[in-house]
Amino acid sequence: MRNILHDLGIVPSIAQAAHAAPVQGASIDVTGIGAAGFAAVISAVGGAGGTLTLEHSHDNAAWVAVPAAEAQYHTSDNGSIGTNTLQANKTTFAAYLGARRYVRPVLTPNTSATGYVAGVSGLADRMPLTGGII
């Protein structure tokens, strides 16, 4: 069994709360790391849930949406890649595959979503993960 404790960084990005409007989380500087992504842990949703998406930036000031080719998403209910819909009592993952220096999550509830988002970064050559998804 490999120890990944020292190869991962986990930081809060969006605080635990009931979110009724889009929330942009704290960014991760990807300089010198091999992989970065975010995990949205959702305990309750109102309406049709919402989405977890990513934005990236060269300067940590001017942000644009990450194109589909530079991100991967999935939700813990079925593990299928491509699902970024928020669901109650599920975790939605977003992996960043782009080349810009900074990346941040955007939590967009349709009506409301209660939960938080944590940023995850690590050294790709030491992460025991497959498919590029966290």
Net charge of neighbours whose Cβ lies under 15 Å from the Cβ of A99, counting Lys and Arg as +1 and Asp and Glu as -1: -2
Charge dipole (region 5-126, unit charges on Cβ, about Cα centre) - positive-most of L107, T31, A65: L107
Amide proton proximity set for E55, modelled H, under 5 Å, gap of 5+: V66, R104, V106
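Read-outs throughout are calculated quantities, based only on the coordinates presented, and are distinct from any laboratory measurement. In this text the structure is predicted, and so the values were computed from the model without any measurement. Reconstructed Cβ throughout: ideal geometry from the backbone, glycine too, with neighbour counts over all protein chains shown.
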